Amino acid sequence: MEKRKAKITGIISEYNPFHEGHRYQIRKAGEITGADAVVVVMNGDFVQRGECAVVDKYVRTKMALLGGADYVFELPVRYGISSASDFAYGGILALESLGCVDAVCFGCEAPEDIDIMADIFWRCQREEEGIMQMKGYAAQGLSYPAARQRFLQEKTGWSEEKCRERMQPGNILGAEYRQAIRLLGSSMRCEPILREGMGYHQVTPEKENDWKYMSATAIRAQLENGFEQVKGMPEEALKAWKEAGYSMRTEDFWPVLALALRLRKEKLVSYKDVSEDLAAVFSREILQAADYESFIHACKTKNITMARVKRAMLQILFEVKKEERETRMPYLRLLGRRKDACPLPLGNSETPVVGRLAKEEGRLSGSDREKLAQDIFAADIYHMTVAQKTGLPQKNEYKQPMVIVG
């Protein structure tokens, strides 16, 4: 009798931090796809909106595994601190490169409209007529998100209010995941899951279900009053965070960010999201900024969003440059797994899986190894800053064991 092929489902995440909504999503993803294993591709120590993670990737990996994930792989920093489009592309490319993932599940605010939004986004990003129309909006001074919302309204006939409601982070990423699958010619299915509880940016609970499924934004805000005030996280995840003993803020990285901006002032436009206009603003403001908050607010303009300013700063620090998109993932870093996880059938994958750096980094060479070095550098900056802030021993990427749970 022929052995049944294992069903593997993927999730692309940040877990900043891991909360009850994430645990619900993992459980629901397994249920609706009949998965034998749920594989997570997670940002490392810096996240898509251009900020640091509140706690490092190893602690967040432990949270995810305790919360039901079977495997956690690291999304390379060059994708993790990019636009929603590139973040989604990197996540889908990582899952596709494993060669065994059947479906990708994601939380969103309006599952019924994801296909429509994906089609509209494709037209405004990849068809000449749509691209020209978007350039026209930019010439009017609209930021990219505002221009895309205008394009969505015009092409769908939806009201301005409905378009504004649909342009929520989960919906946007869901549409971008579908585009990435189309670009890569992948056979992975998309399985949207309705987001429960708080909205992505919501801080204050407004209805009963909000208390059960709080947003990561709300949880980070609660932390201002100490760990004892934090609600909305699984008990074991909160325990892992408390044991780590710290919480990071992006302003903690201001000294190294400011240094990078000064040292690389002559080549700013070579970095991924840095336009000539943004480079000029950076060059001017870095000479007079007193701190992180004053700098980012001075750099934000009508057509340059705060998220783009913050992402661009990290791209300069980690030297993430303008390059053609990869069509294969040169490596995947396995951060952790459950002891009892269903083995991944990786026979069709040509992508090296790197576990312990000290043992397996040598499997890569040339530009592939340089890209891994970029991830290691980002982690080193994070660990160094944690040590400076807290006095805790500095973690060494080459000595970090894989996180094993169960």
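The table that follows gives values for the structure above.
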| quantity | calculated |
| --- | --- |
| Qualifying residue in the stretch 179-191 (condition: more than 17 Å from A84 (Cβ to Cβ), among the charged types (D, E, K, R), in contact with a strand residue (DSSP E or B) (Cβ under 8 Å, 6 or more places away or on another chain) and not in a loop (DSSP other than H, G, I, E, B)) | yes |
| Selection status of K28, among the basic types (K, R) and modelled with pLDDT of 95 or more | yes |
| Which numbered condition E96 misses (of (1) without any contact (Cβ under 8 Å) to a residue 40 or more places away in the chain; (2) in a helix (DSSP H, G or I); (3) under 18 Å from the mean Cα position of the chain (by Cα)) | (1) |
| Subset of the stretch 272-311 [touching a strand residue (DSSP E or B) at 6+ places or on another chain (Cβ under 8 Å) and over 17 Å from A138 (Cβ atoms)] | K272, K310 |
| Cross-chain or 6+ apart pairs with Cβ under 7 Å, the stretch 238-266 first and more than 14 Å from D45 (Cβ to Cβ) and assigned by TED's automatic domain parsing to the domain that holds I381, then part of a loop (DSSP other than H, G, I, E, B) and modelled with pLDDT under 95 | L238/V230 |
| When residues of the stretch 327-339 are limited to those that are in a loop (DSSP other than H, G, I, E, B) and modelled with pLDDT of 95 or more, the one farthest from L183 (Cα to Cα) | K339 |
| Scope the stretch 238-279; condition among the acidic types (D, E), under 21 Å from A307 (Cα atoms) and surrounded by fewer than 20 Cβ atoms within 10 Å (Cβ to Cβ); matching residues | E251, D252, E276, D277 |
| Qualifying residue in the stretch 324-336 (condition: surrounded by fewer than 19 Cβ atoms within 10 Å (Cβ to Cβ) and without any contact (Cβ under 8 Å) to a residue 12 or more places away in the chain) | yes |
| Unique residue being in contact with a helix residue (DSSP H, G or I) (Cβ under 8 Å, 6 or more places away or on another chain) and outside the structural domain of L238 (by TED's automatic domain parsing) when the list is G130, G50 | G130 |
| Identity of the residue in the stretch 1-47, small (G, A, S) and out of contact with any helix residue (DSSP H, G or I) (no Cβ under 8 Å at 6 or more places or on another chain), that ends up surrounded by the fewest Cβ atoms within 10 Å (Cβ to Cβ) | G34 |
| Qualifying residue in the stretch 66-83 (condition: surrounded by fewer than 22 Cβ atoms within 10 Å (Cβ to Cβ), of a type outside the set (D, E, K, R), farther than 30 Å from D368 by Cβ and at pLDDT 95 or above) | yes |
| Helices (runs of 4 or more DSSP H) wholly inside the stretch 225-304 that include at least 1 residues being in contact with a Lys or Arg (Cβ under 7 Å, 6 or more places away or on another chain) and within 30 Å of P205 (Cβ to Cβ) | 235-244, 292-299 |
| Considering residues of the stretch 127-151 that are assigned to a loop (DSSP other than H, G, I, E, B) and within 27 Å of the chain's Cα centre (by Cα) only, the residue modelled with the highest pLDDT | E127 |
| Selected residue (criterion: nearest to R325 (Cα to Cα)) from residues of the stretch 344-369 that are touching a helix residue (DSSP H, G or I) at 6+ places or on another chain (Cβ under 9 Å) and hydroxyl-bearing (S, T, Y) | T351 |
| Lone unmet requirement of (1) buried (at least 21 other Cβ atoms within 10 Å of the Cβ); (2) more than 19 Å from the chain's Cα centre (by Cα); (3) in the same structural domain as G91 (by TED's automatic domain parsing) for C299 | (3) |
| Matching residues in the stretch 254-274 - criterion: being within 17 Å of E323 (Cα to Cα) and in contact with a helix residue (DSSP H, G or I) (Cβ under 7 Å, 6 or more places away or on another chain) | L268, V269, Y271, K272, D273, V274 |
| Any hit, the stretch 208-219, residues being small (G, A, S), in the same structural domain as Y79 (by TED's automatic domain parsing), at pLDDT below 95 and assigned to a helix (DSSP H, G or I) | yes |
| From the options D36, D56, residue that is touching a Cys at 6+ places or on another chain (Cβ under 8 Å), in contact (Cβ under 8 Å) with a residue 24 or more places away in the chain, acidic (D, E) and assigned by TED's automatic domain parsing to the domain that holds K395 | D36 |
| Pairs where the first residue, in the stretch 100-126, is closer than 30 Å to G347 by Cα and the second is among the basic types (K, R), C-beta under 7 Å, 6+ apart | D102/K7; D102/R189; A103/R189; G107/R195 |
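The values are calculated or read from the model by the stated rules, or taken from the named source; none is laboratory data. Keep in mind it's a predicted model, so treat the numbers as computed, not measured. With ideal geometry, Cβ positions are generated from the backbone for all residues, glycine too; neighbour counts draw on all protein chains shown.
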